[in-house]
Amino acid sequence: MAEAFVLESVEPGESLSWASRLLSGEPQDAFAPSEAADFAVLKTDKRRRDWTGGRLAAKRAASKAIGNLPLGSILIENEPGGAPRMSAPGAQLPLSITHTDAGAACAVSMSGGPIGIDWEMVRPLDAGTLSLAFHEDELPWAMNASPRDLARAWTAKEAVIKLLKSDLSSLREVRLSGPDSTPRLHGAAALKWEELGRPALTVFHAHHPDSVLCVAHG
C-alpha cells in the first residue's frame with residue numbers, strides 16, 4: 001500500500017543554525033532569493049526559528065515526495081488565507097506545516113488529498129482552555145484526561161481544522177469520544193468536509209517524550 005503522506009521534522013537547533021545563515025547572508029542552497037526576502041522581514045528569533053524550520057521540513061518532505069529535487073528549486077509560499085503551498089517543477093502536492101518548542105514539521109499529501117498537521121507539547125490545560133476547545137459532549141472525559149491524552153486529542157482537532165483550512169474557532173466542531181477515537185465533524189466543519197468530497201478522514205499520531213504530533217488526511 002502506498003504511503004498516504006511524507007512527514008519530515010527539523011529540530012530547533014538546526015532551525016536556528018539555518019536562520020543564522022540567512023540572517024548573515026551566508027551562501028546557502030536551500031532557500032531561493034524570494035524566500036530569503038520573506039525571512040528578512042521577520043523581527044524575532046522565535047519567528048525566524050519557526051519560519052526556517054517549517055520551510056526546511058516542507059522542502060525536505062516535498063523533495064522526498066516528488067523524487068529528490070534540490071531544495072532550492074522548491075518554493076514554500078503562502079495562500080491568501082495564510083496556509084502554505086508548494087511550488088515545484090512538475091508537481092503541486094498539498095502540505096501542512098506546524099511549529100512547537102520541540103521543533104517544526106511538515107506533512108505532504110501523496111494522494112493530492114487534503115492534509116493537516118499539528119504538534120503540541122504535553123502540558124496540563126485549565127478548565128477555561130478546555131471549554132474553548134472541547135464541546136460539552138467531550139468535557140466529561142476531557143476534564144479527567146491526562147496531559148498526554150489531552151495533547152493527543154488537541155492535536156487531532158487542530159490537524160483536522162488545518163486540513164479544512166478553518167481557524168481555531170472550529171475546534172469544538174471536531175469532536176472525539178476519547179483521545180483514541182476518530183474525529184467526528186459537526187456544523188461548518190462537516191459542511192467543508194462534504195464539499196471536499198473525500199471518502200474518509202484518517203488521523204495518525206506520533207508520540208515523543210514531551211510532545212505529541214498528529215497528521216490528519218483524507
Peptides ranked, highest mean first, by Cβ atoms within 10 Å: ranges 206-214, 93-101, 33-41, 149-157: 149-157, 93-101, 206-214, 33-41
Gyration tensor verdict on region 112-163 (Cα atoms; rounded if a/c is under 1.5, prolate if a/b is larger than b/c, oblate otherwise): prolate
Pair Ala36, Ser24: separation of 7 Å Cα→Cβ label points (nm): 1.4
Average accessible surface area per residue within region 119-186, 1.4 Å rolling probe, Å²: 47
Reachable lysines from Lys46, criterion Cα separation under 30 angstrom, eight or more residues apart if same chain: Lys59, Lys64, Lys157, Lys162, Lys165
FRET efficiency for Asp137 and Lys46, using Cβ-Cβ distance with R0 set to 35 Å, rounded to 0.05: 0.45
Principal axis box of region 1-88, alpha-carbon based, largest edge first, Å: 44, 28, 21
Nearest-ten-degree value, helix 12-24 long axis tilted from longest Cα axis of the chain: 40
Cβ charges +1 (Lys, Arg) and -1 (Asp, Glu), total dipole of the chain, debye: 240
Label-point separation in nm, Thr129 to Arg198, each point 7 Å along Cα→Cβ: 2.6
Nearest 10 degrees, 0 to 90: helix 45-66 Cα axis against the chain principal axis: 90
Net +/- balance of residues flanking Leu213 in space, Cβ distance below 12 Å, scoring K and R +1, D and E -1: -4
Over the chain - Rg/Rh using Cα atoms and the Kirkwood inverse-distance radius: 0.98
Relative contact order %, region 115-218, counting alpha carbon pairs below 8 Å whose residues are six or more apart: 37
Long-range amide H partners of Phe5 with built H, under 5 Å: Met110
Spacing of the two label points (7 Å from each Cα toward its C-beta) at Asp180 and Ser146, in nm: 1.2
Between region 109-152 and region 185-203, the alpha-carbon center distance in angstrom: 18
Options Pro140, Ser177, Gly13, ranked by Cα towards positive dipole end of the chain, top entry (Cβ charges): Gly13
Rounded to 10°, Cα long-axis angle of helix 147-163 versus longest principal axis of the chain: 70
Per-peptide average of other Cβ atoms within 10 Å, ordering 130-140, 165-175, 77-87, 18-28 highest first: 165-175, 130-140, 18-28, 77-87
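The values are calculated or read from the model by the stated rules, or taken from the named source; none is laboratory data. All of these numbers come straight from a predicted model, not from anything done at the bench. Every residue, glycine among them, receives a Cβ derived from its backbone with ideal geometry; neighbour counts consider all protein chains shown. Note: accessible area is taken over every heavy atom of the protein model, side chains too, but ligands, DNA and RNA are not part of it. Shrake-Rupley method; radii C 1.70, N 1.55, O 1.52, S 1.80 Å.
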